């Protein structure tokens, strides 16, 4: 299990231990002072002997490199803004399976449809659902219904008035 604290905080603790070890303190004393196990202090002493105090510096944890480069993500952003119809889909609704298909077709990178959401989120996109509305809907009739009938029909509202 990883020790709690940021990489910078843990590095500070290692450097304090390294300075104490360079002063000639015993491994057990250093471990007790900085609150680590004896084996960690011993490992740090060996690192300091071999590479100096800089051997205790934090090492970056890069992780797996992204499949899409920064330029490819910018191009994907442009393609998404042009719309799904421009990309060859029958309507302008973007879905994760469609975006996955677009990425594979344009960049040759295969993503699972469920992972595409993370790519879209990194680009600043959010989940949106189209608003369904009848084409022949009369906005005045809807407003009149809400004003007159809805309050009368809705449970609990009429009894409170």
**OP:** Percent of Cα-Cα pairs per 10 Å bin, from 0 to the last occupied bin, for the chain, please list those.
**Re:** 8, 21, 11, 12, 18, 14, 7, 7, 2
Subject >> Gaussian network model of the chain, Cα within-10 Å springs - most flexible of 19, 146, 32 >> reply: 146
Original post:
Cα axis of helix 7-22 to longest principal axis of the chain: angle in degrees, 0 to 90, nearest 10?
Top reply: 0
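Given the Cα-Cα distance of residue 89 and residue 150 and 0.36 nm per residue of separation, how much length would full extension add, in nm? Before the final figure, lay out the partial values.
Working: separation 61, 0.36 × 61 = 21.96 nm, distance 3.94 nm.
My answer for the length gained is 18.0 nm.
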Subject >> Inter-part distance where the range 86-161 and the range 49-80 are each reduced to a Cα centre, Å >> reply: 35
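If you average 1/r over every pair of different alpha-carbon atoms in the range 7-56 and take one over that average, what Kirkwood value in Å do you get? Let's see the in-between values first.
Values: mean 1/r = 0.0970 Å⁻¹.
Taking every pair of different Cα atoms in the range 7-56, averaging 1/r and inverting gives 10.3 Å.
Looking at the range 70-122, what % of the alpha carbon pairs are farther apart than 13 Å? Mind showing how you got there, number by number?
Working: 755 of 1378 pairs.
That fraction is 55 percent.
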Original post:
Once the Cα atoms of helix 70-82 and of the chain are each reduced to a long axis, what angle between those two axes, in degrees from 0 to 90 to the nearest 10, is obtained?
Top reply: 10
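What relative contact order, as a whole-number percentage, does the chain give when Cα pairs under 8 Å and 6 or more residues apart are counted?
Details: 90 pairs, mean separation 19.5, N = 161.
Relative contact order of the chain: 12 percent.
How high is the relative contact order of the range 70-122? Use alpha-carbon pairs under 8 Å, at least six apart in sequence, and give a whole percent.
Working: 34 pairs, mean separation 12.9, N = 53.
About 24 percent, as a whole number.
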Original post:
Among 76, 68, 22, which one moves the most in a GNM of the chain with springs linking Cα atoms closer than 10 Å?
Top reply: 22
Original post:
Could you give the angle, 0 to 90 degrees to the nearest 10, between helix 96-107's Cα long axis and the longest principal axis of the Cα atoms of the chain?
Top reply: 60
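Read-outs throughout are calculated quantities, based only on the coordinates presented, and are distinct from any laboratory measurement. What you see is a predicted model, and the numbers here were worked out from it, not measured in a lab.
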